[in-house]
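To start, the structure under review is shown below, and the notes come after it.
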Amino acid sequence: RIGTMAMEAAAMAGDRPSKYAAAKSNWCIPTAVCRAQSEFTQTGVKNNCLKGVKWSPDGSCLLTASEDQQLRLFNLPYEIAAAAADDPDNSGGAECEAPFSDLRSALSVKEGDSVYDYCWYPLMSSADPLTCCFLSSSKDHPIHMWDAYDGSLRASYIPRNHLDELTAAYALAFDPTGSRIYCGFERAVRVFDVTRPGCVCTTRPTCPTRRSRNGQRGVISCLDFAPDYSGLFAAGSFGGTTGLYVENDPKMITQLEGHTGGVTQVRFSHDGLYLFTAARCDDDIVLWDVRSTCRELGR
């Protein structure tokens, strides 16, 4: 599975597609300045692999999920943050001289079972504690909103199936305004109002029936919104396709097909013009033009 940070780097590069060749020739090998290892190896859980790592929207900390059902928050060391603030583009070519230290988590939250997905509140700022929160979804459990300062549970959103049984969300995403939560399920996307915890939600089917060949089939495994507040969002499916939708219309705009396995990650570029997708058993990150032709531009 292609890492979350690789997708974020690709999305940032997507803002400047005309400079790919120049960037490739000037590419330098990243230098490790710190790591988080001991907390993952001393848990008693065999093969406690990481499932992902995500930067906070303000760039001040990292959030990880691992096989031991823990969500851990790591603050960016002061020395590294200060170096990045002094030279954000590293134009001077200087390397950070911070010691190679083992980071310790500032916060740890344990979910009830295997973590399916998690995401930051999009307007999060460390200067405003009210905005410091994140969502998580785990097997056979509701969607939880956690406080990023003290780890307390702020709210729960409870999706239920047609038998009124609790069903877990496979994918989570806030809309850019932070007012709605979009969740991926089998052949459906459900939408919760952030201000209304509980069971009330809106269901948007992506495929009419299990046997239907129309629409987007399979489990909706990943979601991402275009950052330009246009309402455009992408939904990846374990069926191997990526659907493009808009918030104010339940119909799918178009379906992108180009992976050999189930789509596991979708990410818009920072200008919203391009989309990057990655999939299981597929070595490629595919670049799509989602504003004009909806065609593959490269991989």
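Taking the listed residues SER221, SER237, the one that is open to solvent by 10 Å² or more (accessible area, probe 1.4 Å) and either under 19 Å from THR260 (Cβ atoms) or of a type in the set (Gly, Ala, Ser) (or both) is SER221, with no other qualifying.
Go over the candidates GLY236, GLY240, GLY218, GLY184 one by one and state the one that is more than 22 Å from ASN161 (Cα to Cα) and under 22 Å from the mean Cα position of the chain (by Cα).
Values: GLY236 fails: more than 22 Å from ASN161 (Cα to Cα); GLY218 fails: more than 22 Å from ASN161 (Cα to Cα); GLY184 fails: more than 22 Å from ASN161 (Cα to Cα).
Checking each option against the conditions leaves just GLY240.
Whenever a residue of the stretch 100-114 is over 23 Å from SER126 (Cα atoms) and open to solvent by less than 40 Å² (accessible area, probe 1.4 Å), its partners that are assigned to a loop (DSSP other than H, G, I, E, B) and at pLDDT 90 or above, lying with C-beta atoms within less than 8 angstrom and at least six residues away or across chains, give the pairs GLU111/GLN69; GLU111/HIS141; SER114/GLU67; SER114/GLN69; SER114/LYS139. Only one entry in ALA94, ALA83 is modelled with pLDDT under 90, over 28 Å from HIS144 (Cα atoms) and open to solvent by less than 50 Å² (accessible area, probe 1.4 Å), namely ALA83.
So, of the residues in the stretch 187-206 that are outside any strand (DSSP E or B) and within 23 Å of the chain's Cα centre (by Cα), which turns out to be surrounded by the fewest Cβ atoms within 10 Å (Cβ to Cβ)?
Within the stretch 187-206, the first condition is being outside any strand (DSSP E or B), and the residues that meet it are 187, 194-197, 199-201, 206.
Narrowing further to those that are within 23 Å of the chain's Cα centre (by Cα): 187, 194-197, 201, 206.
Numbers: ARG187: 20, VAL194: 18, THR195: 8, ARG196: 11, PRO197: 17, CYS201: 19, THR206: 26.
Applying the filter and picking the extreme gives THR195.
The number of residues in the stretch 145-179 that are open to solvent by 30 Å² or more (accessible area, probe 1.4 Å), among the charged types (D, E, K, R) and free of Cβ contacts under 8 Å to residues at least 40 places away in the same chain comes to 4. Residues that are crowded, with 18+ Cβ neighbours inside 10 Å and not acidic (Asp, Glu) within the stretch 224-234 comprise PHE225, ALA226, LEU232, PHE233, ALA234, listed in sequence order. Determine if the stretch 209-219 includes at least one residue that is closer than 16 Å to THR177 by Cα and part of a strand (DSSP E or B). No, every residue in the stretch 209-219 fails to be closer than 16 Å to THR177 by Cα and part of a strand (DSSP E or B).
Residue-by-condition table, conditions (1) open to solvent by less than 60 Å² (accessible area, probe 1.4 Å); (2) modelled with pLDDT of 70 or more; (3) at positive phi:
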position: MET5; (1), (2), (3): no, no, no
position: SER38; (1), (2), (3): yes, yes, no
position: LEU50; (1), (2), (3): no, yes, no
position: VAL53; (1), (2), (3): yes, yes, no
position: CYS61; (1), (2), (3): yes, yes, no
position: GLN70; (1), (2), (3): yes, yes, no
position: PHE74; (1), (2), (3): yes, yes, no
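The values are calculated or read from the model by the stated rules, or taken from the named source; none is laboratory data. This one's a predicted model, so the numbers in the text were calculated from it and none came from an experiment. No Cβ is skipped: glycine too gets one built from the backbone with ideal geometry, and neighbour counts run over all protein chains shown. These area figures cover heavy atoms from the full protein model, side chains too; ligands, DNA and RNA do not enter into them. Shrake-Rupley method; radii C 1.70, N 1.55, O 1.52, S 1.80 Å.
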